[in-house]
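Asker: Mind having a look at this structure? Questions to follow.
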Amino acid sequence: MGVRSVCCILLISLIKSSSAHGDFFTSIGHMTDLLFTEKDLVTSLKDYIRAEESKLEQVKQWAKKLDALTATATQDPEGFLGHPVNAFKLMKRLNTEWGEVEDLVLKDMSDGFISNLTIQRQYFPNDEDQTGAAKALLRLQDTYQLDTQTISSGDLPDPEHQRALGNLKYFDYQLAKQKKDEKEPSAKEESKKEQERTVGKGEYFPEKRKYEQLCRGQGVRMTPRRQSRLFCRYYDNNRHPIYMIGPVKQEDEWDRPRIIRYHDIITEKEMEKVKELAKPRLRRATVHDPQTGKLTTAQYRVSKSAWLAAYEHPVVDRINQRIEDITGLDVKTAEELQVANYGVGGQYEPHFDFGRKDEPDAFKELGTGNRIATWLFYMSDVTAGGATVFPEVGAVVKPMKGTAVFWYNLFSSGEGDYSTRHAACPVLLGNKWVSNKWIHERGQEFRRPCGLKETD
C-alpha cells in the first residue's frame, strides 16, 4: 500500500473518531475557518511527503549502488573476494551498513504531521455536521427543484434565469387577463384575486408549497395597479433634524402588509465591524418553544446567531440610534441587535415574529410586551436563494447588501398581523449575513411612529 493511501486512511479514520462538535454546517462564516484548518493540514502533509521522499531517495541510492556491486561480484565470487578490500567491505556492509539501512527504513517521518493532525482534529466537524450538510443538499434540491445530476455535478442553475421563466409566465397571464377584462375590478375584488394568484389555489395550497414556490421566484403576482402604488422616495421622518439635510432612500417593497426597504442605510465599515464582533460568539440559532417558553434549537432554522448590546461598541449604539431616528420607535425596550449567519442551505421556515394569543408567555421574561415591529439589515449579497418571503401574501424581498427592510408585526390595536408570517429561503449559492432588531410595545405609548397599521 502506498504512502499516500496510508495517509488518507489515517486521516479519514481520525476524522470519524472526532467527537468535537460545533454545528459547523449551520454557519458559512464558521465553516470558512475549516478551510484554513484544512490548508494547514495539507501543508503539513506535504512536508511529511517530502520527508518520506527524501528517505526513500536515500534508500533508492543505496539499492542502486548495491545492485551494481552485487551484479559484478556474483559473476566471479571467489575472484571478487580474493581481493582483501572487497572481503572487508562485505563484512562491514553486512555487519554495520545494512543495520543503518534498516534503521532508515523503519524511521517514522510522520511525527510532525500526526502531531498537527491530532491538535487540529478537535476542531473537525463530526457525523452530525455531515448529516446536516447532506440534509441541506436535499432541502435545496426540493426547494429549487434541482435534479440529482445537477446537485452531484455542482452545476447549479442561474437564479436570474429561473426568475425570468417565472416572470414570463406571469406576463403571459396578464396579457390574457387584459384581453378578457372590460372594466377595472374593485379594490376588494382585486385583492381577493391577487391573493388567489399569489402561488396557486389560495388556502388550498399547503404553506410549504407556497413558500418553496416563492423561493423559486414563481410566486410574485402583484397586479400593475397595485404595483403603481409603490414608490421610491427620500425620507426624513417628519423633518427629523438628522435627516432634513441628508434624507434616507426609502422604497416600498409591498403594500399589504407594508414592507419598506431603506437603501444605503448601513456602511461597509459598520457591517464588517458587526460581523467581526459577532463571529467569535456565533451559536446555533434558537427559537421560542411555545410549550415551555424557553429557547431551543430547531431543524427548521439553520443558522448561527449572536447578540450585540449597544454598550459593547459605538457602532452598535450608532446603529440602534439610527433605527430609532428613522422609525420613530423607542429602541431602549427592544431586544439586542441579533446577528445571523446562515449555513449550508441555511433557512428559517415560515414563522411569526410576534407572540400569538396561544403564546401568552412568549416574551414574559422581557417584560416589554409583544414585538411591535421588525427591522432587518442585509449585510451581504447572496448569489442565489436566501430571499425573505411572505407566503400569506406572496411578497419576495431579495437580500441586497447595505439595505434594511422594516415592517410592523402588530396593528394599532395590539392585535397581531398574520399576513407578516415570513420565512428565509434556503441559501443556494453564497454567504448570507443579516442582523435584526425586534422592537417591543413598551416605550411606544406616547410616540407617534409613522406607518402603524389600523386593525383590518
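Values in this text are rule-based calculations from the coordinates and carry no lab data. The structure presented is a predicted model; accordingly, all values stated were derived computationally and were not measured. So basically every Cβ, Gly included, is an ideal-geometry build from the backbone, and we count neighbours across all protein chains shown.
Asker: Taking R0 as 35 Å, what's the FRET efficiency between ARG356 and GLN145 from their Cβ-Cβ distance, rounded to 0.05?
Answerer: Approximately 0.65, to the nearest 0.05.
Asker: Give, as a single signed number, the net charge of other residues whose beta carbon lies under 13 Å from the beta carbon of THR32, with Lys and Arg counted +1 and Asp and Glu -1.
Answerer: +2
Asker: Moving on. Taking R0 as 60 Å, what FRET efficiency do you get between LEU81 and GLN130 from their Cβ-Cβ distance, rounded to the nearest 0.05?
Answerer: Using R0 = 60 Å, I get an efficiency of 0.40.
Asker: Using only the C-alpha atoms of segment 24-122, find the volume of their convex hull and express it per residue in Å³.
Answerer: Dividing the Cα hull volume of segment 24-122 by its residue count gives 99 Å³.
Asker: Using every Cα-Cα pair within segment 358-456, state what percent have a distance larger than 24 Å.
Answerer: Every Cα pair in segment 358-456 considered, those over 24 Å come to 31 percent.
Asker: Can you give me the convex hull volume of the Cα atoms of segment 211-440, divided per residue and expressed in Å³?
Answerer: In segment 211-440, the Cα hull volume divided by residue count equals 131 Å³.
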